[in-house]
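Colleague: Would you mind keeping the following structure in view while I ask a few things?
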Amino acid sequence: MLDNFHLAAITRQGNRHRLYQIPLHRRLQETLAGHWQDQFNAFYDEVEEIDFDPGYTPEDHECFSFSEYELPDWLENYDSGNARNLRSVVHREGAMNATVGLVAFARDNEDDELMLFQNFTRSKVIQPGNFIFLSGDTFRSSGDMALSLDPQLSAIYLPDRETLLFRSYRTVNTFLPIADYFEEATTEQILELLEHERIAAEDPDRIASFSNQWFRKRFAMLQQSSILDDYTANDIAEFADGYGVDVQVRGEQIVFPANRQEAKRLLQFLNEERFIGAITATLFETNSKRAAS
């Protein structure tokens, strides 16, 4: 079982991330340490670590590996020894609704430090009265908030190796910065993506010509995410409401604009890099420190 197990919430307001301790009763702490040990074993045992490839989906026995991964400054100074000193998430207004991931700090059976991550969304915050549980022969409710946890890990960070392991960029990108680790899409790859059945590009050659490093990384991210395969053009246009981007649909395709600024906004949205603050409802670009225009 994992030793010195501590659980924390990763919150995001715009581009600002914070960690808050999730205080646990001792018995629950021990139970979760056992469950997360099982999840660690399922993820890590006999796994084959492979170099990241935006166009590849790992098989069950594989995971992507980023060596020499630099933790963000809001996370790098914490481990299982000092995570208990984090401020508690309890009574922090809006903190749970702004939570984008969970991280467990622990030590393995060889006393090596671990960081174990789970994805987290607002839907996993269960408000009082919205759930029932079996007590004896009847179901009851509770006046307290509850959290729903995933049955599997989204990522693992091994501090002794400075290595991040994960299987889905799209999932990990919600709580850890990894865009800088993307290889840039080539001009040929950009043109290929702009021929996707969900996209109607206004001027593919012009779009490719103004695509600098920022655009090339985002095209590579979009290629890996499978957003265009998983959602229809109308779905995506509907999701865009309130995110400051005008998604035009032509038939069953998204119109990809040849205007540089409009193209940037669309790429940010498709890569889920535009974010509405949980408290202020301000629209942010998550890869910057300013409110979105």
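Colleague: Give the residue that is nearest to Phe120 (Cα to Cα), with candidates limited to residues of region 161-202 that are open to solvent by less than 20 Å² (accessible area, probe 1.4 Å) and among the small types (Gly, Ala, Ser).
Modeller: Ala179
Colleague: Determine whether region 147-159 contains at least one residue that is of a type in the set (D, E, K, R) and more than 26 Å from Val125 (Cα to Cα).
Modeller: Looking through region 147-159, none of the residues is of a type in the set (D, E, K, R) and more than 26 Å from Val125 (Cα to Cα).
Colleague: Among the residues of region 46-65, is there at least one that is in contact with a Pro (Cβ under 6 Å, 6 or more places away or on another chain), of a type in the set (Asp, Glu) and in a strand (DSSP E or B)?
Modeller: no
Colleague: Asn97 fails exactly one of the following numbered conditions: (1) surrounded by fewer than 18 Cβ atoms within 10 Å (Cβ to Cβ); (2) over 19 Å from the mean Cα position of the chain (by Cα); (3) more than 29 Å from Glu183 (Cβ to Cβ). What is the number of that condition?
Modeller: It fails just one condition, (2).
Colleague: Suppose we filter Ile50, Ile132, Ile156, Ile126 for residues that are in contact with a strand residue (DSSP E or B) (Cβ under 9 Å, 6 or more places away or on another chain), surrounded by fewer than 18 Cβ atoms within 10 Å (Cβ to Cβ) and within 30 Å of Met221 (Cβ to Cβ); which single one remains?
Modeller: Ile50
Colleague: Let me ask you something else. Among the numbered criteria (1) outside any loop (DSSP other than H, G, I, E, B); (2) closer than 25 Å to Ser168 by Cα, which one does Glu195 miss?
Modeller: (1)
Colleague: Residues of region 16-68 being on the phi > 0 side of the Ramachandran plot and modelled with pLDDT of 90 or more, which ones?
Modeller: Glu46
Colleague: Next question, about the same structure. If you check Glu76 against the conditions, is it within 19 Å of the chain's Cα centre (by Cα) and exposed (fewer than 13 other Cβ atoms within 10 Å of the Cβ)?
Modeller: Yes; evaluated as a whole, the condition is true for this residue.
The values are calculated or read from the model by the stated rules, or taken from the named source; none is laboratory data. These figures come from a predicted structure and were not determined experimentally. Methodologically, a virtual Cβ is constructed for each residue, glycine included, from the backbone with ideal geometry; neighbour enumeration extends over all protein chains shown. Areas reflect the complete protein model, heavy atoms only, side chains present, ligands, DNA and RNA absent. Shrake-Rupley method; radii C 1.70, N 1.55, O 1.52, S 1.80 Å.
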